[in-house]
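Colleague: What follows is a single structure, and I will ask about it in a moment.
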Amino acid sequence: VPLPFATMPVLTALQASMVGALGKLYGQTLNVSQAGGLVSAIAGGFVAQAIGRELVKFIPGFGSAIAASWAAAYTFALGETACVYFGDLMGGKKPDPSKIQLVMREAFQGAKERFKNN
């Protein structure tokens, strides 16, 4: 029986590790200030969806598949957004929160479509 919210800490740790690794590729270290900036720039609209993703696990079988595909799409979008964020920093620009949010929304939508069609 899937347990809603049981995977959130593990998934969050894996995503944080991914963002840290991407930052290193861009010559950035994810310090507390950058982490706070990145999280506040992208997490806002996705908190309610993350809770919904966990609650859908109560639907036997089908719910776990939906939750897994949502988590994959979100993780992909988070990685894409982190690349834009760190790319801006590497280029000496201050990341624009509205641009970051737009990239996150578009990458998430694209990833959801990709998973839905495959």
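The values are calculated or read from the model by the stated rules, or taken from the named source; none is laboratory data. From a predicted model like this one, the values you see are computed outputs, not experimental measurements. For neighbour counting, all protein chains shown are included, and Cβ atoms are generated from backbone atoms with ideal geometry for every residue, glycine included.
Colleague: Using the structure shown, decide if residue 89 is under 24 Å from residue 24 (Cβ atoms) and not small (Gly, Ala, Ser).
Modeller: It is true that residue 89 is under 24 Å from residue 24 (Cβ atoms) and not small (Gly, Ala, Ser).
Colleague: Now a separate question. If I filter the stretch 64-86 for residues that are at pLDDT 75 or above, within 13 Å of residue 107 (Cβ to Cβ), touching a Pro at 6+ places or on another chain (Cβ under 8 Å) and hydrophobic (A, V, I, L, M, F, W, C), do I get at least one hit?
Modeller: Checked the stretch 64-86: at least one residue is at pLDDT 75 or above, within 13 Å of residue 107 (Cβ to Cβ), touching a Pro at 6+ places or on another chain (Cβ under 8 Å) and hydrophobic (A, V, I, L, M, F, W, C).
Colleague: Do you know which residues across the stretch 89-99 are under 20 Å from residue 15 (Cα atoms) and at pLDDT 90 or above?
Modeller: 89
Colleague: Please name all residue pairs, on different chains or six or more residues apart, with Cβ atoms under 6 Å, provided the first residue is in the stretch 5-23 and is of a type outside the set (A, V, I, L, M, F, W, C) and the second residue is modelled with pLDDT under 80.
Modeller: 20/30; 23/30
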